[in-house]
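No value in this document is a laboratory result; all are computed from the given coordinates. Computed from a prediction, not measured in an experiment: that's the story for all the values here. No Cβ is skipped: glycine too gets one built from the backbone with ideal geometry, and neighbour counts run over all protein chains shown.
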Amino acid sequence: MNSLVEREFPVLHATQALRGHLMDALTDGDLTYRLPGANPSLGELCYEIGEVEYSYIQSFKTFKLDFNFRPDSDGVGNSVDKLKAWYKALDADLDAVLTGLSDDAIQNQRIERGHDFSPPVGVQFHTYREALLIFYAKADVYLRALGKRLDGPWTWWIG
């Protein structure tokens, strides 16, 4: 087990668990909701965070971040059950790739993100967690517009 796994997996898994709380509160019909203006549907927003996670997983494998990958959606953003299954598979892939990194890679390898920004693996990891929190803040706006409020961990982390 590497130092990143030892130090960071508990908070990573707690952060990811918020997605489960969100999914448990949603229906397939909720996923079609759009805020006014040029906003994505809630389902598109939920699908997008999956794409983001996939890109981060690849960055820990290749040490280069590329957000241009667009997986075949197969209607994932239209189904709470499909989103749950996809997130579960992505989370398992993320755990596997992070667990497979050596402490040397964690300490010395940098991730090429473009624009002369190449953070170390640990910073890249924290940036992914921040992406999750940003997603949750966006999702919370949709929840409020739908008249839904989550309590427990959601309130403790997001407000």
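Using a Gaussian network model of the chain whose springs link C-alpha atoms within less than 10 Å, name the residue from HIS115, HIS126, HIS13 with the highest mean-square fluctuation. Highest fluctuation of the listed residues: HIS115. Sorting ARG149, ARG70 by the number of Cβ atoms found within 10 Å of their own Cβ, with the fewest placed first, yields ARG70, ARG149. Among the chymotrypsin sites (Phe, Trp or Tyr not before Pro) in segment 69-156, those placed in a DSSP loop whose Cβ has at most 14 other Cβ atoms within 10 Å are PHE69, PHE117.
Each of (1) 1.37; (2) 1.07; (3) 1.02 is a candidate for Cα Rg over 2.2 N^0.38 Å; the one calculated from this structure is (2).
Per DSSP H run of n ≥ 4, the term is -39500 (n - 2.57); total these for the chain, divide by its residue number, and report the mean residue ellipticity at 222 nm rounded to 500 deg cm²/dmol.
Numbers: 6 runs with 100 residues, N = 159.
Roughly -21000 deg cm²/dmol at 222 nm, from the helical runs in the chain.
Toward the positive end of the charge dipole of the chain, with +1 on the Cβ of Lys and Arg and -1 on the Cβ of Asp and Glu, the farthest Cα among ILE134, ILE57, ASN39 is that of ASN39.
Rounded to the nearest 10 degrees, what's the angle between the helix 3-25 long axis and the longest principal axis of the chain, both from Cα atoms, 0 to 90? Between helix and principal axis, roughly 10 degrees.
Let me spell out the model: positive unit charges on the Cβ of Lys and Arg, negative unit charges on the Cβ of Asp and Glu, origin at the Cα centre of the chain. What dipole size does that give, in debye rounded to 20? Intermediate values should be presented prior to the final figure.
Numbers: 16 positive and 23 negative charges, 76 e Å.
The calculated dipole for the chain is roughly 360 debye.
Amide hydrogen proximity for SER41: with H placed 1.01 Å from N in the peptide plane, no residue at 5 or more positions away or on another chain lies under 5 Å.
A Gaussian network model of the chain, with springs between Cα atoms under 10 Å, assigns the largest mean-square fluctuation among LEU26, LEU35, LEU45 to LEU35.
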